[in-house]
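Where a number appears in this text, it was derived from the coordinates with a stated rule and is not lab data. What you see is a predicted model, and the numbers here were worked out from it, not measured in a lab. As a convention, Cβ positions derive from the backbone with ideal geometry for all residues, glycine included, and neighbour counts pool all protein chains shown.
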Amino acid sequence: MNLDRDFYQQMLHIAIPIAIQNLIVSSLNTLDTVMISTLGSATIAGVGLANQVFFFLMMICFGIGTGSSVLISQYHGRRDYFNVKRTNGLATILAMFVSLIFTVVALFWPKQVIGLMIQDPQVITEGAKYLSVVALSYIITGFNFANGISLRSTGNAQSPLHASIISFVFNAFFNYVLIFGKFGFPRMGVVGAAMGTIIARLAEMAVLIYLSKRYNGPLNGKLKDMLAFDRPFFDKYMRITSPVIVNETFWALGQVLYSVAYAIVGTEATAAIQVVVAIQNIAFVLIRGLSNSCSIMLGNSIGQGEMDKIYTYALRFLKLGLMIGTIIGLFLCLTPSLTLSVFGNLEPEVNLIAHGLLRVMGIIFIFKGFNSILIVGVLRGGGDTKKSMILEMSSVWLVGVPLAFLGAAILKLPIYYVVIMAGMEEITKIILGMRRVFSKEWIHELV
C-alpha cells in the first residue's frame, strides 16, 4: 500500500508541473496558428513548414536533454551533485552549438529550406519571411530547453513551469499587437508572429536563470563547475547519450519527411495538417508529463538501487498511458467540430479536411501516447538507450516514411489515407517495444 501511495504522490509531483509546462508551450504554437489562420491557407502552411525546422531542432535538443536526464536523474539519486552540474553544463553547450548551426542556415537560406518541403511559391514566400526572423530565437531556446530538462531531472519542475507561464503571456501579447498592429505597433503579419516568439523566449530565459539561481538545488554553482568536464567524462556522456541524440535527430527528420509527403497532396492538406498537429500537441501534454515522470522515477530508483520497484513502476506507467491515451484519442475522434471551433476563420476546404484528419489522428493518438510512455519513459528511463534508438528508427524509417510516400507520391491517395499509412509505425513500435519490456533486459545501472 505504501508503494502505491509513494508511487502516485511522486508521479503527480513530477508529472503535473511538466504537463502544465507542456500545455503552455503547446498553447504557444497553437496560439500562433489561431492568430495567423485569418491570413489564409498559404500563410498557415508556410508558417507550419517553417516550424518544422524549429521542431527538428527541438527534437535534437530534446535528445541532448533526455540523454543527459538519464545521467542526471541517476546522479541525483546518488546525491552526486558535482556530476549533476557538469552533465548539465555539457548538455547546455551542445544544445546551443546545434542551435547556432540551425540559426545560420535559417537566416541565410530560408527560401531554400522551405523549398525543400513544398513547391508552392506563395507558401515558400510566407514561410521564408517567418523563418528568417524566428531563427534568431533558436540559440536562446536551446539554452532554455537543456536547462529546463536538467532542472526537472533533479525534482525542480516548478522553475521551468513558471518560466513557461511568463513566456506564454509575453508571446500572446506581442503576437497580438505585432501581427495585427495594435496599440500603435505596425501590422507585421507573419513577421510579427516571429518577433513575438523571440521576445517570449528571451523572457523565458531571464526567468529561468533567475529562478535557477534562487532555487537552492543541485544545479546551483559556479560556472567552472558546469564546465568541469574532461575527455573521459565527455566520452562517457556521449556513449550513453549519443544513441538518444541520434534517435531524436533521425526521428525528427522522419517527421519532417512526413510533412514533405503531406505537402505532395496539396497546400490545403498541408494547412489542415498544421492545424490538427497543433491540436494534437495540446492533447499530448498529459502523456508527455507521464513519460518524463516515468523516466525520472525509474532513473532515480536505479540510482538508489531500488531494483524491486522498477518493473512494477514501468507496468503502472504503461497502463496509465494506455488509459489516458484512449480517453483523449476518442475525444479528438468524436468531437472535431467542437475542437476546430477555436479556428473560426479557416478556409472552408481546410476546415473540411481538418475534420476528417482529427478523426483519423484521434485513433492514432491512442497508440502514439502508449509508445511515448514505452520508449521515452520506460526504455530510456531504464538506461536502454541503444535498443530504444533501434526500435524507434526502424519503425519510422522502415515503416512510416516509406508508406507515407507510397500513399502520397505513388498511389496519390487522399490525405486521410496517407496519415493512416504513416501511423503504421506506431503499431510496429508496440509489437517490438513490449517484447523488450517483458524481457526486463532494459534495466541498466549507468553511474
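Descriptive notes on the structure:
- Cα-based helix-to-principal-axis angle, 231-265 vs the chain, degrees rounded to 10: 20
- Amide H contacts under 5 Å for residue 342: none, restricted to partners 5 or more places along the chain or on a different chain, H placed in the peptide plane at 1.01 Å from N.
- Between the helical axis of 158-180 and the longest alpha-carbon principal axis of the chain there is an angle of about 10 degrees.
- Top of 23, 346, 320 by mean-square fluctuation, Gaussian network on the chain, Cα under 10 Å: 320
- Counting neighbouring beta carbons within 10 Å and listing from fewest to most, the residues 13, 162, 76 come out as 13, 162, 76.
- Straight-line reach from residue 85: taking Cα to Cα under 26 Å and skipping same-chain neighbours fewer than 8 places apart, the lysines in range are 213, 222, 224, 236, 386.
- Residue with peak Gaussian network fluctuation, the chain [Cα springs, cutoff 10 Å], from 312, 241, 339: 312
- Size descriptor, Kirkwood hydrodynamic radius, that averages inverse alpha-carbon separations across segment 2-439, Å: 21.9
- Oblate is the label for segment 226-360, because a/c, from the alpha-carbon gyration tensor with a ≥ b ≥ c as root eigenvalues, is 1.5 or above and a/b does not exceed b/c.
- Rg over Rh [alpha-carbon atoms, Kirkwood Rh] for segment 154-266: 1.11
- The chain, helix-only ellipticity at 222 nm - DSSP H runs n ≥ 4, -39,500 (n - 2.57), divided by all residues, nearest 500: -27000 deg cm²/dmol
- Lys/Arg +1, Asp/Glu -1 at C-beta; the chain dipole; positive extreme among 270, 414, 424: 424
- C-alpha long axis of helix 2-36 to longest principal axis of the chain, angle in °: 20
- Cβ-based exposure ranking for 416, 210, in which fewest neighbours within 10 Å come first: 210, 416
- Across segment 141-154, rounded Karplus estimates of 3J(HN,Hα) from the backbone phi angles (6.51 cos²θ - 1.76 cosθ + 1.60, θ = phi - 60°) give 5, x, 4, 4, 5, 4, 6, x, 5, 5, 4, 5, 5, 9 Hz, Gly and Pro being marked x.
- Rg and Dmax, both from the Cα atoms of segment 24-163 and both in Å, are 17.4, 56.
- Between segment 254-328 and segment 81-147, the alpha-carbon center distance in angstrom: 22
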